[in-house]
1. Out of all the residues in the stretch 51-103, which are within 21 Å of Ala30 (Cβ to Cβ), in contact with a Phe, Trp or Tyr (Cβ under 6 Å, 6 or more places away or on another chain) and of a type outside the set (Phe, Trp, Tyr)?
2. So which pairs qualify, if the first residue must be in the stretch 105-128 and closer than 17 Å to Tyr65 by Cβ, the second must be among the aliphatic types (A, V, I, L, M), the Cβ gap must be under 7 Å, and the two must be at least 6 apart or on different chains?
3. Residue by residue through the stretch 98-128, note down the ones that are assigned to a strand (DSSP E or B), under 19 Å from Val15 (Cβ atoms) and open to solvent by less than 60 Å² (accessible area, probe 1.4 Å).
4. May I ask you to verify whether Ala46 is touching a residue at least 12 places away in the same chain (Cβ under 8 Å) and farther than 20 Å from His4 by Cβ?
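The values are calculated or read from the model by the stated rules, or taken from the named source; none is laboratory data. Computed from a prediction, not measured in an experiment: that's the story for all the values here. Here the Cβ positions follow ideal geometry from the backbone for every residue, glycine too, while neighbour counts run over all protein chains shown. To get the accessible areas, we keep the full protein, side chains included, count just its heavy atoms, and leave off ligands, DNA and RNA. Shrake-Rupley method; radii C 1.70, N 1.55, O 1.52, S 1.80 Å.
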Amino acid sequence: MNHHQWLEGYRRAWVERDAHAAAELFTEDAIYREQPFKPPFSGRDAIRQYWATVTQAQSSVELRYGSRVVEGRRVAVEWWANLVNDGSPITLAGEFLLSFDEHGRCRELREYWTLTDGRVDPPPAWGR
């Protein structure tokens with residue numbers, strides 16, 4: 001699996017709210033740092049549990065990626081998500097810093113994101 005396939009798998013898992021598919025994108029001992037000031041989710045089982053919880057109230061997920069910055073097995077990419085959470089539309093804008101193993105599974109994910117109420121489209125030239 002390459003990083004293009006991984007990102008598409010992540011997008012598909014989020015759209016389908018498939019915690020099992022999301023967890024399978026990671027190594028058994030992966031680190032998933034969703035918040036910089038909180039402990040990370042460590043290991044595939046913890047990632048699966050996190051995903052099952054966080055996506056439970058979500059629907060109508062649309063996820064797009066910007067251009068990728070690739071250095072060896074590390075990838076940085078902006079993402080933009082429009083979705084419905086607990087019945088209300090929200091928009092999330094964020095960035096992943098991903099580190100992959102030799103088989104294309106993610107060994108470490110760091111993300112930074114912010115959200116706003118309502119459906120908002122990206123600004124011009126976003127993701128380039």
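1. Answer for the stretch 51-103, where residues must be within 21 Å of Ala30 (Cβ to Cβ), in contact with a Phe, Trp or Tyr (Cβ under 6 Å, 6 or more places away or on another chain) and of a type outside the set (Phe, Trp, Tyr): Leu63, Arg73, Val77, Gly94, Glu95.
2. Cys106/Leu25; Cys106/Ala30; Cys106/Leu98; Leu109/Leu98; Arg110/Leu97; Trp113/Leu92; Trp113/Ala93; Thr114/Ala93
3. Leu98, Cys106, Leu109, Glu111 - these are the residues of the stretch 98-128 that are assigned to a strand (DSSP E or B), under 19 Å from Val15 (Cβ atoms) and open to solvent by less than 60 Å² (accessible area, probe 1.4 Å).
4. Considered against the rule, which asks whether it is touching a residue at least 12 places away in the same chain (Cβ under 8 Å) and farther than 20 Å from His4 by Cβ, Ala46 comes out as yes.
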